[in-house]
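S.K.: Please read through the structure below; I'll follow up with questions.
Laboratory data are not the source of any read-out in this text; all were calculated from the coordinates shown. Bear in mind that the values here come from a model prediction, so they are computed numbers and not experimental data. So basically every Cβ, Gly included, is an ideal-geometry build from the backbone, and we count neighbours across all protein chains shown.
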Amino acid sequence: VYKLSALVRGMEALTEKYNNLMKLGDPRTRDWFLMASPIPSALICLLYVLAIIVGMRAMQNRQAMGLRYPMIVYNFCMVALSGYLVFEFLASGWLAGYSLSCQPVDYSNSPQATRMARACYLFYFSKFIELADTVFFVLRKKFNQVSFLHVFHHAIMPASWWFGVYFVPGGFGTFHAMLNSFIHFLMYMYYGLAAAGYTVWWKRYMTKMQIGQFLLVTVHSCQLFFIPCNYPIVFAWWILSYAVIFLILFANFYVKAYAAGRRLQQQQQKQNGHQNGAHSKERLAHAVSNGNGKKAE
């Protein structure tokens, strides 16, 4: 009985803390779709991971789907959405008086502050749409692209940004959202053009640009640890942790891909060298044979 009552008191204390925390949310965003609680976003992310696991198993013995035209439409729609997000982040903040060093959140109902809050919400919601990236990979049986990095990135972003929209929809933390939208603009442009059959020159730079993105976010977020700023430090820590984790993951991916590419190139060069050597020996033997023939005559 004592243990049960202690458990009940503990649950009541946690519930009270949760309710008090939720009261700190931005009243402008808390009534928007999916914003009443973090649970729906977390459940969607969990279902996404489970769906990918089940989908890969289901497609194991099935023929890969082409999906060329749906991919073209999807990717260019995402180009438009990402471009619009970049424009909104710039117009409502970063080209409208925002400071790179310290930018508090404007919680007022002014047109600019409301526009920024809506841009943050649209960015958050776009992360659910981007889960379709993995669906296309699975249906096309591109299982090599369904890496831990890919799934982890897609699964954590919507749940992570729920807290951003609920508590800090604007200000300092929107810098990395703007950068991410710009990188995604280029990424989806590449995917769309590639699906349409075009060769895209910036393909080789995509991973480098993503690494550069996380480097910039890391440097930007570190500022708040050295200057006074009316922006919640817990979110600066969160953004920094996110940036460092993905910087390490993308750098590791790049190093492995670069090393694999170098090994393949060396193997091809070695193989070509053996083939050229074999051809040279054949030509030499042929020449000697022809020479002996002439002497015999």
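S.K.: Can you find, among Y98, I211, A195, the residue farthest towards the positive end of the dipole of segment 67-270? Put +1 on the C-beta of Lys and Arg, -1 on that of Asp and Glu.
M.R.: The residue sitting farthest along the positive end of the dipole is A195.
S.K.: To continue, here is another question. Quick one: what do you get for segment 13-94 if you divide its Cα Rg by 2.2 N^0.38 Å?
M.R.: 1.67
S.K.: Run the simple label-point estimate for A51 and A132 please: 7 Å along Cα→C-beta, distance reported in nm.
M.R.: 1.1 nm
S.K.: With a point put 7 Å past each Cα toward its Cβ, work out how far E16 is from F148 in nm, to one decimal.
M.R.: 4.1 nm
S.K.: Per residue, what volume in Å³ does the Cα convex hull of segment 93-174 take up?
M.R.: 107 Å³
S.K.: Can I ask one more? Hey, in the GNM for the chain with a 10 angstrom Cα cutoff, which one of Y18, Y84, Y107 fluctuates hardest?
M.R.: So, out of Y18, Y84, Y107, the one fluctuating most is Y18.
S.K.: Which value, in nm² and rounded to one decimal, describes the direction-averaged projected area of the C-alpha convex hull of segment 11-54?
M.R.: The number I arrive at for segment 11-54 is 4.1 nm².
S.K.: I've got another one for you. How large is the charge dipole for the chain, taken about the Cα centre, if only the Cβ atoms of Lys, Arg (+1) and Asp, Glu (-1) carry charge, to the nearest 20 debye?
M.R.: 1340 debye
S.K.: Taking 1 over the mean of 1/r across every pair of different Cα atoms in segment 64-211, what Kirkwood radius in Å do you get?
M.R.: Kirkwood radius, segment 64-211: 16.4 Å.
S.K.: Let me know the number of lysine pairs in the chain closer than 23 Å at the Cα, not counting same-chain pairs under 8 apart.
M.R.: Step by step, the pairs that qualify in the chain add up to 16.
S.K.: Scan [x] 24.2, 83; [y] 27.0, 114; [z] 19.8, 71 for the value of Rg and Dmax of the Cα atoms in Å calculated from this model and give just the label.
M.R.: Among [x] 24.2, 83; [y] 27.0, 114; [z] 19.8, 71, the one derived from this structure is [y].
S.K.: Something else now. Under Stokes-Einstein, with the Kirkwood radius over Cα pairs standing in for Rh, what whole-number D in µm²/s applies to segment 138-209 at 20 °C and 1.002 mPa s?
M.R.: Using the Kirkwood radius from Cα pairs, D works out to 148 µm²/s.
S.K.: Another one. Counting other C-beta atoms within 10 Å, and keeping those with at most 10, which DSSP coil chymotrypsin sites (Phe, Trp or Tyr not before Pro) do you find in segment 205-240?
M.R.: Sites meeting the loop and neighbour criteria: F226.
S.K.: With just the Cα atoms defining each centre, how far is segment 193-260 from segment 73-121? Give it in Å.
M.R.: 19 Å
S.K.: Using the beta-carbon distance between A36 and T199 and R0 = 45 Å, what value does 1/(1 + (r/R0)^6) give for FRET efficiency, to the nearest 0.05?
M.R.: 0.45
S.K.: Next question, about the same structure. Can you give me the relative contact order of the chain as a percent, contacts being Cα pairs under 8 Å and 6 or more apart?
M.R.: 23 percent
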